[in-house]
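Here's a structure for you.
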Amino acid sequence: MNLMALAEPIIKGTRTPVRAVAEHWKFGDAPEEIVRKLPHLDLAPIFDALSHYNDYRDDIEQYIALNQVPVAD
């Protein structure tokens, strides 16, 4: 799938991409911890984002890869 042709999924009513929640989840943060780190969200959109990530994992992983910050050597 050509992701450049698609808009990145954003949590409704915010400017927060689903990948932001997915990255916290992948680093081991529980939903309650994600709420503390992204205080403009509550648990319902966190769980919605994680559900979306579960359903579209490959797509979201591509967005994560596209948005990685290069590390200088």
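The values are calculated or read from the model by the stated rules, or taken from the named source; none is laboratory data. Note that the coordinates shown come from a computational prediction; the quantities given were computed from them, not determined experimentally. In this analysis, Cβ positions are derived from the backbone assuming ideal geometry, glycine residues included, and neighbour counts consider all displayed protein chains. Please note that ligands, DNA and RNA were not included when accessible areas were found on the heavy atoms of the full protein model with its side chains. Shrake-Rupley method; radii C 1.70, N 1.55, O 1.52, S 1.80 Å.
Counting only other residues whose beta carbon sits under 9 Å from that of Tyr63, what net charge do I get with K and R as +1, D and E as -1?
My count for the surroundings of Tyr63 gives -2.
In the chain, what percent of the accessible surface is made up of carbon and sulfur (1.4 Å probe, ligands and nucleic acids excluded)?
55
In addition: Between Asp58 and Arg36, what is the FRET efficiency for a Förster distance of 35 Å, r being their Cβ-Cβ separation, to the nearest 0.05?
Computed FRET efficiency for Asp58 and Arg36: 0.75.
Taking H as built 1.01 Å from N, whose amide H comes closer than 5 Å to the amide H of Ile10, not counting residues under 5 places away?
Answer set, sorted by chain and number: Val18.
Could you report region 9-57's accessible area per residue, 1.4 Å probe, as an integer in Å²?
64
Subtract the Cα-Cα distance of Ala65 and Ala44 from 0.36 nm times their separation in residues, and report this length gain in nm to one decimal.
Answer, rounded to one decimal: 5.0 nm.
Going highest first, how would you order 27-34, 14-21 by mean Cβ packing within 10 Å?
In decreasing order of mean packing, 27-34, 14-21 become 14-21, 27-34.
Then there's this: With an 8 Å Cα cut-off and a minimum separation of 6 or more residues, compute the relative contact order for the chain in percent.
Normalised by residue count, the contact order of the chain is 33 percent.
Taking mean projected area of the Cα convex hull in nm² as the quantity of interest, determine which of (1) 7.1; (2) 4.7; (3) 5.8 was computed from the displayed structure.
Recomputing mean projected area of the Cα convex hull in nm² here picks out (3).
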